[in-house]
Amino acid sequence: MTSLVAAAAPRRGTTGWLSARWSARRVLRGPVAWLAWGTLVALSVLVLVGPLFVTADPQAQDSVALLPAGTAGHLLGTDDLGRDVLARVLAGGRPFLVVCAAATAASALIGTSLGLLAGFRGGWVDAVVMRAMDVLLAFPLVLVAILMVAVLGGGTGNMIVAITISQAPTFARLARNLTVGEVSRDYVRASRCLGHGSWHIALREVLPNVSGQVLVQTTSTLAVTAGLSSALSYLGLGQDASAPDWGYMVRAGQELIFSNPGLSLIPALLITAFAVAANFAGDDLRDATDLGRL
Amino acid sequence: MVTARLPGTVADAHSTATAAPDPAPAPVWRPDDEPSGWRSWAGRVVHHPVVLRLAQVPVVAFVVTIIVFLVAHLLPGDPVTQLTANVNGITPEEVAQLTSQLGLDAGLADQLRSYLVGLLHGQMGISFYSGASVSSMLADALPATVELAVAAVLLAGLLGIVTGIVAARTQGTWVDHLIRGGATIGFSVPWFVVALVAILVFGVWLGWLPILGRLPTSLTYEPTTGFVLVDAVLQGRPDLIGPWLEHLALPALTLAVTSAGFITRVTRTAFLDAQAQQWVRTARMKGLTESAISVKHVLRNASVPILTIVGLMFGGLLGGAVVTEAVFSYPGVGSLLVEAVTRRDYFVLQGSALVIALMFTGVNALVDLSVLAVDPRLRRG
Amino acid sequence: MAGPRPSVVEVRDLHVDFATDRGPVHAVRGIDLDLAVGQVHALVGESGSGKSVTGLTIMGLTRGPRTTVRGAIRYGGRDLVQADESWMRSLRGRELAMVFQDPMTSLNPMHPVGRQIAETLQVNAGRSRRVARADAVELLDRVGIREPAKAAARYPHEFSGGMRQRVVIAIALACEPAVLVADEPTTALDVTVQAQVLDLMVGLARASDTAVLLVTHDLGVVARYAEQVSVMRSGQILERGPAQAVLGDPQHDYTRALLAAIPRLHGPRRRRLSPVATPG
């Protein structure tokens with residue numbers, strides 16, 4: 001970049017923004033942040049790797065029903081159909097995690113792209129995209145998700161689509177407002193003077209400068225998605241009953257709360273831990289952004 | 001040569017280019033020189049922010065209605081098949097007759113038109129399950145949800161704003177950190193988990209509060225307006241109020257706990273931002289006490305972002321109400337919706353989704369209008 | 001100019017330290033200052049010299065858990081450094097007043113300007129709301145705002161910067177305080193407006209025998225309005241005296257450098273501007 005452009009550009013540079021930005025040292029302030037990120041990582045590992053260590057089949061109904069926790073061979077006991085609880089808990093995390101991660105990533109990607117597009121093009125593109133987002137935002141998020149699930153049916157894939165549709169507008173609106181603010185700044189004009197095309201400017205100049213806030217929104221959405229997807233499963237709208245899924249397990253275990261409280265409480269606790277950790281991690285990211293370190 | 005006309009400056013009568021100078025100097029702009037006459041008055045009214053915002057409401061409501069209609073039509077399954085699922089020996093002619101009776105054989109546009117017309121007359125179809133009219137079901141369920149939402153908002157608002165201000169005033173101390181941490185945990189926990197814990201602790205273990213429904217089944221209640229509090233006064237039945245509050249307590253608290261956390265954080269941030277503003281320094285210079293400053297200068301300015309977020313949060317609250325009502329078997333619009341989705345009860349689903357969406361739209365408009373009322377900078381557009 | 005006037009405020013050996021994450025910041029390092037009745041005392045220096053902090057400390061507005069103030073600020077027979085907060089609060093607005101730099105943000109955007117002026121009259125002069133409102137209109141007239149009755153009902157964003165600063169001056173001088181601290185009151189205003197606002201402020205202050213501490217970095221302002229001037233750098237006062245003497249015959253190198261750094265209207269056009277060396 002010429003010195004003029006370098007002078008006009010805001011502090012966050014564009015060279016090597018990936019490497020400079022993502023070093024863990026810039027984030028992770030304080031014990032709470034460590035605990036939060038650690039929980040997220042631990043839960044993910046547990047869910048992805050855990051089932052490999054458990055020999056029992058989560059679907060097998062061969063054991064005695066309602067064994068208490070601590071029984072030999074069944075660390076957390078069994079449910080009313082004789083299925084091993086530990087195996088179910090570990091296996092049930094997968095759909096949950098997959099839905100959360102996929103829906104969050106998808107809504108972030110799609111929403112941010114739409115927002116960038118709208119903010120950059122302006123004019124009728126901006127108007128059309130934003131009005132479409134407004135229409136979606138005119139409905140409470142849960143309602144959108146429920147309606148989408150009703151239309152598309154249950155199953156992991158459809159849940160992801162449903163939640164993505166309900167969350168993407170938030171990203172779109174955020175990205176668009178930020179983009180509009182950045183586009184009028186001098187460093188964008190300077191970049192255009194250098195002959196860079198819109199794609200280049202959007203991806204290499206503007207995006208790094210809005211990425212901080214988008215990231216914060218991503219962790220927020222992750223927490224919301226966790227609550228939303230498990231709520232949908234809890235209401236019986238998501239998965240089918242036999243495959244283990246945390247949200248559904250909470251509901252199913254409710255009636256048996258006195259015989260084996262773990263049936264309900266353990267998945268509930270895990271879901272809660274995930275959502276809480278995601279929000280605290282988001283706080284950490286927000287602090288890092290505010291202090292200009294991200 | 002183009003000269004920008006700034007208010008208060010005289011147009012540049014000098015022209016250094018070869019172009020002809022302005023024929024006459026432009027008049028100096030004065031605020032009293034605004035054009036007079038009814039046309040300009042009408043123009044000013046139409047462009048007034050309040051009017052503009054109010055005008056948006058019917059438009060949004062209309063779009064929402066159409067979308068709900070379209071979505072309902074995308075639902076898999078055929079209403080007629082569902083309706084006749086349990087009827088044995090039904091003939092194809094009767095099926096066709098039923099189809100045309102329900103107007104489901106017409107084209108999409110015609111169906112939309114009859115739907116809209118029906119809405120205006122308060123007809124929203126019938127439930128496949130109970131056979132009751134959807135509008136009567138909604139008339140019963142809506143007040144319950146409104147009561148729940150209002151109670152939750154009041155509780156959450158009170159709790160959230162108070163703790164938010166305390167956290168802002170004690171910024172940096174352990175009190176602040178405790179409140180903030182608690183608030184984050186509060187709004188991270190999924191509604192149904194809170195509900196579950198609430199049921200376990202207060203309903204089952206301690207046995208203090210009932211966990212099911214809106215009123216005890218032993219109590220007879222004939223709704224006049226549908227709102228228990230109002231009816232208790234109108235019908236002269238104070239015995240309704242106690243049980244009503246008991247049944248409302250747990251669902252409302254569940255919703256309030258999750259929402260309050262959000263409000264706490266927003267209030268704290270808004271308060272700190274407002275406090276850091278320079279006019280607070282002026283107020284301090286005048287010798288006002290800290291509490292007078294908090295109330296007169298900080299709170300009013302902080303209320304704009306707070307109100308905005310409360311409005312946004314209401315959407316989340318409605319969503320949470322849907323889940324919470326299901327958990328507590330609370331007979332509101334939310335549980336109607338969930339049941340309708342599970343049972344594929346076409347018209348009930350359509351009606352309850354519409355009601356929820358319209359409520360949200362209305363609340364958003366209210367929030368925007370109250371922000372306009374509070375902040376004079378937004379009023380003149 | 002009249003003979004030596006009695007001092008209203010005597011600052012002796014003032015030290016102000018702030019505890020920051022990067023260690024203590026010594027904003028003011030042992031200064032002496034006298035404010036005389038009805039006179040303008042200019043406090044000149046570059047950014048970061050500690051002049052604003054001095055003004056704020058006199059008002060007691062730097063008090064906080066991270067601030068350490070040592071020394072004495074004598075006013076009305078008491079030491080303001082030692083005085084408790086409630087005493088300071090009673091003085092503020094009534095006998096000590098301040099005008100800040102940025103008129104855009106000094107006024108609360110949600111209250112009409114008339115109410116903001118009336119507020120200080122109600123709190124400090126104990127006037128009722130109705131009387132205070134009427135007095136506010138009169139004050140608006142005195143600071144040169146057209147149609148003061150209508151203006152009192154308007155909001156700050158409806159006024160230009162110069163007019164807002166007039167409102168701020170009205171608020172500050174409403175109770176005819178003994179001391180006015182003006183922290184770069186016209187730096188944020190258009191050049192054409194600066195002189196008008198300063199004329200107004202100094203004129204009103206002199207009329208009510210208010211001592212003015214004029215914090216500025218503009219030597220032109222000093223030359224025009226100040227009787228006394230103190231030159232400040234890095235928390236210390238390097239030179240002090242009657243304005244004419246200091247500006248006409250500066251003793252300290254720094255003062256000379258400041259004066260030399262002003263671009264001259266006449267003289268060689270290609271002469272380089274001479275920078276003022278800053279320590280550290």
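The values are calculated or read from the model by the stated rules, or taken from the named source; none is laboratory data. Keep in mind the model is a prediction, meaning the values are calculated, not measured. Virtual Cβ from ideal backbone geometry, glycine too; neighbours counted across all protein chains shown. Areas reflect the complete protein model, heavy atoms only, side chains present, ligands, DNA and RNA absent. Shrake-Rupley method; radii C 1.70, N 1.55, O 1.52, S 1.80 Å.
Comparison of A:PHE96, A:PHE120 shows that the only residue that is open to solvent by less than 10 Å² (accessible area, probe 1.4 Å), assigned to a helix (DSSP H, G or I) and among the aromatic types (Phe, Trp, Tyr) is A:PHE96. Looking at the structure I just gave you, is B:SER370 in a helix (DSSP H, G or I), more than 9 Å from every other protein chain (Cβ to nearest Cβ) and buried (at least 24 other Cβ atoms within 10 Å of the Cβ)? In short, no. A:ASP57 fulfils the conditions (1) within 32 Å of the chain's Cα centre (by Cα); (2) open to solvent by 40 Å² or more (accessible area, probe 1.4 Å); (3) modelled with pLDDT under 70 except for a single criterion, (3).
Under the condition of being free of Cβ contacts under 8 Å to residues at least 24 places away in the same chain, open to solvent by 20 Å² or more (accessible area, probe 1.4 Å) and of a type outside the set (A, V, I, L, M), the residues counted in region B:294-305 number 1. In this entry, C:VAL197 is excluded by the filter for residues that are within 12 Å of chain B (Cβ to nearest Cβ) and either part of a helix (DSSP H, G or I) or over 15 Å from C:SER106 (Cβ atoms) (or both).
Under the condition of being outside any helix (DSSP H, G or I), more than 9 Å from chain B (Cβ to nearest Cβ) and among the hydrophobic types (A, V, I, L, M, F, W, C), which residue from region A:234-250 is nearest to A:ALA101 (Cα to Cα)?
Selected residue: A:ALA243.
Among residues of region A:142-168 that are at the interface with chain B (Cβ under 9 Å from one of its Cβ atoms), those with a beta-carbon under 9 Å from a residue that is among the aromatic types (Phe, Trp, Tyr) and assigned to a helix (DSSP H, G or I) at least six positions away or on a different chain give the pairs A:LEU143/B:PHE360. Can you confirm whether B:THR308 is open to solvent by less than 10 Å² (accessible area, probe 1.4 Å), more than 9 Å from every other protein chain (Cβ to nearest Cβ) and of a type in the set (S, T, N, Q)? Answer is no for this residue.
Against the definition (at pLDDT 90 or above, more than 17 Å from the chain's Cα centre (by Cα), part of a strand (DSSP E or B) and exposed (fewer than 15 other Cβ atoms within 10 Å of the Cβ)), how does C:ASP17 come out, yes or no? It is false that C:ASP17 is at pLDDT 90 or above, more than 17 Å from the chain's Cα centre (by Cα), part of a strand (DSSP E or B) and exposed (fewer than 15 other Cβ atoms within 10 Å of the Cβ).
Candidates B:ARG169, B:ARG180, B:ARG214: the one that is under 30 Å from the mean Cα position of the chain (by Cα), open to solvent by less than 50 Å² (accessible area, probe 1.4 Å) and of a type in the set (Lys, Arg) is B:ARG214. Contact map, region B:268-293: residues that are more than 8 Å from every other protein chain (Cβ to nearest Cβ) paired with residues that are assigned to a helix (DSSP H, G or I) and among the polar types (S, T, N, Q), Cβ distance under 7 Å, separation 6+ or inter-chain. Pairs shown: B:ALA274/B:ASN301.
Of all residues in region B:334-355, those satisfying the criterion of being assigned to a helix (DSSP H, G or I), within 9 Å of another protein chain (Cβ to nearest Cβ) and open to solvent by 10 Å² or more (accessible area, probe 1.4 Å) are B:VAL338, B:THR342.
Of the residues that sit in region C:107-123 and are assigned to a loop (DSSP other than H, G, I, E, B) and touching a helix residue (DSSP H, G or I) at 6+ places or on another chain (Cβ under 6 Å), which one is farthest from C:GLY162 (Cα to Cα)?
The extreme case among them is C:MET110.
Among the residues of region C:214-234, those that are touching a helix residue (DSSP H, G or I) at 6+ places or on another chain (Cβ under 6 Å) and in a strand (DSSP E or B) comprise C:VAL215, C:VAL229, C:VAL231, C:MET232, C:ARG233. If you check A:ARG192 against the conditions, is it more than 14 Å from chain B (Cβ to nearest Cβ) and among the charged types (D, E, K, R)? Considered against the rule, which asks whether it is more than 14 Å from chain B (Cβ to nearest Cβ) and among the charged types (D, E, K, R), A:ARG192 comes out as yes.
Of the residues making up region B:218-240, those that are open to solvent by less than 90 Å² (accessible area, probe 1.4 Å), over 28 Å from the mean Cα position of the chain (by Cα) and free of Cβ contacts under 8 Å to residues at least 24 places away in the same chain are B:TYR221, B:GLN235, B:GLY236, B:ARG237, B:ASP239.
Here C:ARG146 passes the criteria (1) facing chain B (nearest Cβ under 9 Å); (2) surrounded by fewer than 19 Cβ atoms within 10 Å (Cβ to Cβ) except the one numbered (1).
Just to be sure before I move on: is C:LEU35 surrounded by 23 or more Cβ atoms within 10 Å (Cβ to Cβ), away from chain B (no Cβ under 14 Å) and not polar (S, T, N, Q) in the structure I sent? In short, yes.
Could you tell me whether region C:98-121 includes any residue that is surrounded by fewer than 21 Cβ atoms within 10 Å (Cβ to Cβ), within 12 Å of another protein chain (Cβ to nearest Cβ) and over 26 Å from C:MET201 (Cβ atoms)? No, region C:98-121 has no match at all. A residue that is open to solvent by 10 Å² or more (accessible area, probe 1.4 Å) and assigned to a loop (DSSP other than H, G, I, E, B) occurs somewhere in region C:160-167.
A quick yes/no check of all residues on (1) on the phi < 0 side of the Ramachandran plot; (2) in contact (Cβ under 8 Å) with a residue 12 or more places away in the chain; (3) within 13 Å of chain A (Cβ to nearest Cβ):
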site: B:GLY164; (1), (2), (3): yes, yes, no
site: B:ARG180; (1), (2), (3): yes, yes, yes
site: B:LEU196; (1), (2), (3): yes, yes, yes
site: B:VAL204; (1), (2), (3): yes, no, yes
site: B:TRP208; (1), (2), (3): yes, no, no
site: B:PRO216; (1), (2), (3): yes, yes, no
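Across region C:84-106, the number of residues qualifying as small (Gly, Ala, Ser), at pLDDT 90 or above and outside any helix (DSSP H, G or I) comes to 1.
Quick check, is B:ALA270 of a type in the set (Gly, Ala, Ser), over 30 Å from A:MET148 (Cβ atoms) and buried (at least 24 other Cβ atoms within 10 Å of the Cβ)?
Answer is yes for this residue.
Within region A:32-50, residues that are within 14 Å of chain B (Cβ to nearest Cβ) and farther than 15 Å from A:ASP245 by Cα sit with their Cβ atoms under 9 Å from residues that are of a type outside the set (Gly, Ala, Ser) and not in a helix (DSSP H, G or I), at 6+ positions apart or across chains, in these pairs: A:ALA33/A:VAL27. Just so you know, in region C:168-177 the residues that are open to solvent by less than 10 Å² (accessible area, probe 1.4 Å) and farther than 21 Å from C:ALA226 by Cβ include one that is farthest from the other protein chains (Cβ to nearest Cβ), and it is C:ALA170.
Yes or no, residue by residue, for (1) without any contact (Cβ under 8 Å) to a residue 12 or more places away in the chain; (2) within 10 Å of chain B (Cβ to nearest Cβ); (3) open to solvent by 10 Å² or more (accessible area, probe 1.4 Å):
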{"site": "A:ILE201", "(1), (2), (3)": "no, no, no"}
{"site": "A:GLN213", "(1), (2), (3)": "no, no, yes"}
{"site": "A:SER229", "(1), (2), (3)": "no, yes, no"}
{"site": "A:LEU232", "(1), (2), (3)": "no, yes, no"}
{"site": "A:ALA252", "(1), (2), (3)": "no, no, yes"}
{"site": "A:ILE257", "(1), (2), (3)": "yes, yes, yes"}
{"site": "A:PRO261", "(1), (2), (3)": "yes, yes, yes"}
{"site": "A:ALA268", "(1), (2), (3)": "no, yes, no"}
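Only a single item in (1) in a helix (DSSP H, G or I); (2) within 12 Å of chain B (Cβ to nearest Cβ) is not met by C:LEU180, and it is number (1).
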